[in-house]
1. Name the shape class, rounded, prolate or oblate, that the alpha-carbon gyration tensor gives for region 99-144, where a ≥ b ≥ c are the square roots of its eigenvalues, rounded holds for a/c under 1.5, and otherwise prolate holds if a/b is larger than b/c and oblate otherwise.
2. Take each complete run of DSSP H in the chain, measure how far its Cα atoms stretch along the helix's own axis, and keep only those covering 30 Å or more with mean Kyte-Doolittle hydropathy at least 1.6; list them.
3. Let me know the whole percent of all Cα-Cα pairs from region 97-218 that are separated by more than 21 Å.
4. Is region 209-270 rounded, prolate or oblate when judged by the Cα gyration tensor, a ≥ b ≥ c being the square roots of its eigenvalues, rounded requiring a/c under 1.5 and prolate requiring a/b larger than b/c?
5. How would you rank 307-320, 355-368, highest first, on the average number of other Cβ atoms within 10 Å across their residues?
6. Determine, at each q value in 0.13, 0.16, 0.23, 0.29 (inverse angstroms), the log₁₀ of I(q)/I(0) that the Debye formula gives when each Cα of region 345-393 is one equal point scatterer.
7. Shape call for region 34-94 from the C-alpha gyration tensor, a ≥ b ≥ c root eigenvalues: rounded (a/c under 1.5), prolate (a/b greater than b/c) or oblate?
8. With a Cα-only, solvent-free Debye model of the chain, what are the log10 I(q)/I(0) values at q = 0.07, 0.11, 0.13 Å⁻¹?
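Since every read-out is calculated from the coordinates, none of them should be taken as a lab result. Just so it is clear, the structure is predicted and the values come from calculations on it, not from any experiment. We place every Cβ from the backbone using ideal geometry, glycine too, and count neighbours over all the protein chains shown.
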Amino acid sequence: MPSASTGAPTTVGALSSPSPEPTSSRLAPGVPGYRRMSFALFSAGVATFALLYSTQALLPALSGDFGVTASAASWTVSAATGALALCVLPLSALSERFGRVRLMTVSLVVATALGLLVPFAPGPEWLVALRAVQGAALAGIPASAMAYLAEEVRPKALIAAIGLFVAGNSIGGMSGRIVTGWVAQLWGWRAALAAVGLMAVVCTVAFRLLLPKARNFTPGSLNPSALARTVRGHLSDPLLMRLYGIGALFMTVFGAVYTVIGYRLVDAPFGLPQGVVGSVFLVYLVGTVSSAAAGRLVGRLGRRGALYLAVGTTAAGLLLSLADSLTAVLLGLVLITAGFFAGHAVASSSVSRTATTGRAQASALYQSAYYLGSSVGGTLGAVAFHSGGWAGTVLLGLLAVLGVVSITLYGSYAARVRERRPMLSAAAVHH
């Protein structure tokens, strides 16, 4: 994507990000504290995705136990991601006042405590309600993590640091689904959710013990009018809006595919048991590699080139997954996962680099769009699967991929127009 300055006001009161600190005060590979910071945020990413999508691999079991359809069961995922999308922006404002580290800590503790209560939900309505509250609590992590990295990590190391945080997301998504799949097969879905809650406890403790104290954060007072000006500035920036759209559409694909893949694999012609279906999420390891490699991709291909590669990989995976062959389906999931995580890492890091003020709000808006895409994708993916089978879900994914291509092509066109304007102006003056 082209680099451009944000349209946010240069002064937004207490909600603006502090002036850039000298790079000597920031973390980078080889600087003391960088490794601890990386592992701490990796642990936060693991806990966030494991908790947020803890019911996704269990949807067939929930449908069977509660006697509900795939669309109804999918709300145990969509309610959590939708609540996160709604709460990430207001919590980002709280992070400006109370600090990134404090908000991330409180969010993880509350979400983990709810994770230990979720297994005792007496019915589907209670389960959806608890999951919504849990998603709201988890909103504090994406609301603060990107801003923390932008403030504490040197610019040249930022993409790699964010890629590692995203890699933690992929590990959390993978391990949570594998654990729930096998535990559910042995002891039921309630025990599976309890196991994820215990895993989150370990990650939360590791996060709090390892994360270095913020050195470049300046607290400010809560100022709703300043927040509104900052948000309006970000929403008026064409580049940021394109990045938000790209994040939402990538996550629509991912949410749709992984919400209903379990239903496809337990049905004919595959008929896989719950534990094996959970193990399919080992594919997430591919996302760990592709997200961590996003920085190198951008270095070789540029941001737009990296996005085109991510889009092409995702589309190829969707088409390949249509075959009634388990090998083809698994390879398709590999490509979808690799493309998604690479695209997400590129888009999210571009937001952090583009926003020169109000970074927490810029990142929060991206995360809102991202998780809204997950919520919409999960719900529409289940509806499409109910109406047209796996082909319906693939069609939905391809439409979202086409949207990413359209946005990226428009960005390329807009960049060329901006480059030509000075030349045309100079030519007019010469003549």
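1. Values: a/c = 5.18, a/b = 2.39, b/c = 2.17.
Here region 99-144 falls in the prolate category.
2. Sorted by number, the helices that extend far enough and score high enough are 189-210.
3. 45
4. On the way: a/c = 3.70, a/b = 1.83, b/c = 2.02.
Oblate shape, in that a/c is at least 1.5 and b/c is the bigger or equal ratio.
5. Order by mean packing, descending: 355-368, 307-320.
6. Taken in order of the listed q values, log10 I(q)/I(0) reads -0.45, -0.56, -0.75, -0.96.
7. It is oblate, given that a/c is not under 1.5 and a/b is not larger than b/c.
8. -0.32, -0.78, -1.08
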